[in-house]
Amino acid sequence: MRVFLFDIGNVLCNFDFDRLLKTYEQISGKPVGIHEPEDQRLYNAVETGEITDQEYVERMNERKQISWEVEDLVRAWQDIFSANEVGRSLYYHAIDQQVPVFTLSNIAEYHIKAINRNWDNLLDQATGLFLSYQMGYRKPHPKIYEATVDYLNVSPEECFFVDDLPENVEAARALGIEAHLFLPQHYDRVVEEANQFFAWDSLAVASSD
């Protein structure tokens, strides 16, 4: 059985980080930097389920002297998410071709809430979701790929994976997964590779139409 693994951020849903910082400033009443090492540690912790969304908010409030609620984060990410039309075209084409489709994403629960509010049927159409906050690891940690392959009961070579970060692609390839970097300059090649990998009768195209 061959399966298609999709990252979410910048594959199915684009996001604008600069706009996120502006939105954080609006809800906080002042600029909020999130570039310090402890900020990244907390972000990694909420994306691996080490802490909950609520705990993340409480710790950020204490660090930044702000008064966020979890709902503020959900609304902020709703505002900065937009559809990646090429990624979604490939996603829906794979579903139409009856290929098992899964997500494999570094993500927190509040991100999922934001996505579901913007597109209430997007993730529901996947065969299943592999989400870092539920799995306890973030890409590019090898264990998140190993756990995915083990759960699916397939060989790594039977998995076609797309992600926008080189380190995540390289880590997947190191385990034998057919992994491809999903960036605008590579869209045509990725779609061509997917057509060949799955031997689709009806070919996907790198188009947003």
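What follows is calculated from the coordinates using simple rules that are stated; it is not laboratory data. Everything quoted here is computed from the prediction, not taken from an experiment. Positions of Cβ are backbone-derived with ideal geometry, glycine not excepted, and every protein chain shown enters the neighbour counts.
The table below lists the values:
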item: Residue tally, condition surrounded by fewer than 23 Cβ atoms within 10 Å (Cβ to Cβ) and in a loop (DSSP other than H, G, I, E, B), over region 1-10; result: 3
item: All positions within region 59-95 that are within 30 Å of VAL205 (Cβ to Cβ) and free of Cβ contacts under 8 Å to residues at least 40 places away in the same chain; result: TYR92, ILE95
item: Selection status of VAL149, aliphatic (A, V, I, L, M), touching a residue at least 24 places away in the same chain (Cβ under 8 Å) and out of contact with any Cys (no Cβ under 7 Å at 6 or more places or on another chain); result: no
item: Which numbered condition GLN98 fails, given (1) closer than 20 Å to ALA204 by Cα; (2) surrounded by 15 or more Cβ atoms within 10 Å (Cβ to Cβ); result: (2)
item: Where GLN125 falls short, out of the listed (1) touching a helix residue (DSSP H, G or I) at 6+ places or on another chain (Cβ under 7 Å); (2) surrounded by 13 or more Cβ atoms within 10 Å (Cβ to Cβ); result: (2)
item: Entirely in region 24-106, the helices (runs of 4 or more DSSP H) that have 3 or more residues that are within 24 Å of TYR133 (Cα to Cα) and within 15 Å of the chain's Cα centre (by Cα); result: 37-47, 70-80, 85-96
item: Which numbered condition TYR56 misses (of (1) within 30 Å of CYS159 (Cβ to Cβ); (2) surrounded by 20 or more Cβ atoms within 10 Å (Cβ to Cβ)); result: (1)
item: Condition met for PRO37 (surrounded by fewer than 18 Cβ atoms within 10 Å (Cβ to Cβ) and either more than 22 Å from ILE80 (Cα to Cα) or polar (S, T, N, Q) (or both)); result: yes
